[in-house]
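Notes follow once the structure below has been shown.
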Amino acid sequence: YNQAEYLSETIESVLAQDYPNIEYVVLDDGSTDATPDILKRYSGRIRWERHENMGQARTLNKGWEVSTGTILGYLSSDDVLYPGAIRKLVEILESDNSVVCTFPDADLIDHQSRIVKKNVCRQFDLGDLIIRQECYIGPGALFRRSAFDSVGGWKKELKLAPDREFWIRLAAHGRFVFCHDVLAGYRIHPDSISYKDVSELVGREYLWVLDRY
């Protein structure tokens, strides 16, 4: 939603992957900037749709519902994947059926794609996620559709913590493996959700997640 400034770089990072079996669905959540014009330039190379604004959780759930793969993932419209990311992560999932999710290490990048901090992700820790609401999973995470179908998608009631709540539910179905290779860039900028929305809403959502658990 309204990330035209970064959208081409994000799309190109996926199209440049060397893994051949990628079904790439791009959903425009009712953007009011130049997003539709950018997406039109990629017609024939990606599958994209535009709908009225309904929020991140509903939009991601729609994307996963229309996809057909046995492995699912997502990439925010301002983040990027590095070369070889999908191939390396798929190899981890295919090598061990007990692994339900894998995610790479990532760089923190700014609005000009300059590295602000390296190696910002860490090994998954369910205790930290539940008790401290610390989520160490960055861009590029992949997970099994079978597990997703069992737990359901992101909760539409949540705006800032839907990923954390989803990982809590998914963790009951298998192991999470942290790939130590840096395979993604996690962008932080003044308009990103995690940067902009710092308020009482954050605390209320975290309490909601903890109560549900």
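General remarks:
- In the range 139-163, the residues that are touching a Leu at 6+ places or on another chain (Cβ under 9 Å), open to solvent by less than 20 Å² (accessible area, probe 1.4 Å) and free of Cβ contacts under 8 Å to residues at least 60 places away in the same chain: ALA147
- All positions within the range 11-21 that are more than 18 Å from LEU89 (Cα to Cα) and open to solvent by less than 50 Å² (accessible area, probe 1.4 Å): ILE11
- Residue, nearest to HIS173 (Cα to Cα), within the range 93-136, restricted to residues that are part of a helix (DSSP H, G or I), open to solvent by less than 40 Å² (accessible area, probe 1.4 Å) and not charged (D, E, K, R): LEU93
- Contacts under 8 angstrom Cβ, first residue in the range 35-56 being touching a residue at least 12 places away in the same chain (Cβ under 8 Å), partner open to solvent by 60 Å² or more (accessible area, probe 1.4 Å) and charged (D, E, K, R), 6 or more apart: PRO36/ARG50; LEU39/ARG50; ARG47/GLU23; GLY55/LYS156; GLY55/LYS159; GLN56/LYS159
- LEU89 vs. criteria open to solvent by less than 30 Å² (accessible area, probe 1.4 Å), touching a Phe, Trp or Tyr at 6+ places or on another chain (Cβ under 8 Å) and more than 26 Å from SER150 (Cα to Cα): no
- Matching residues, the range 43-54, being open to solvent by less than 80 Å² (accessible area, probe 1.4 Å) and either at pLDDT below 95 or farther than 19 Å from LEU72 by Cβ (or both): SER43, HIS51, MET54
- Members of the range 22-42 found to be part of a helix (DSSP H, G or I) and crowded, with 16+ Cβ neighbours inside 10 Å, listed by number: THR35, ILE38, LEU39
- Scan of the range 139-168 for residues that are of a type outside the set (Val, Ile, Thr) and part of a helix (DSSP H, G or I), ordered by number: ARG145, SER146, ALA147, PHE148, ASP149, SER150, PRO162, ASP163, ARG164, GLU165, PHE166, TRP167
- When the test is whether a residue is out of contact with any Phe, Trp or Tyr (no Cβ under 8 Å at 6 or more places or on another chain) and either among the polar types (S, T, N, Q) or buried (at least 18 other Cβ atoms within 10 Å of the Cβ) (or both), TYR206 does not pass it.
The values are calculated or read from the model by the stated rules, or taken from the named source; none is laboratory data. Given the structure is predicted, the values throughout are model-derived calculations rather than measurements. Note that we place each Cβ from the backbone using ideal geometry, even for glycine, and neighbour counts take in every protein chain shown. Only protein heavy atoms, including side chains, enter the accessible area calculation; ligands, DNA and RNA are left aside. Shrake-Rupley method; radii C 1.70, N 1.55, O 1.52, S 1.80 Å.
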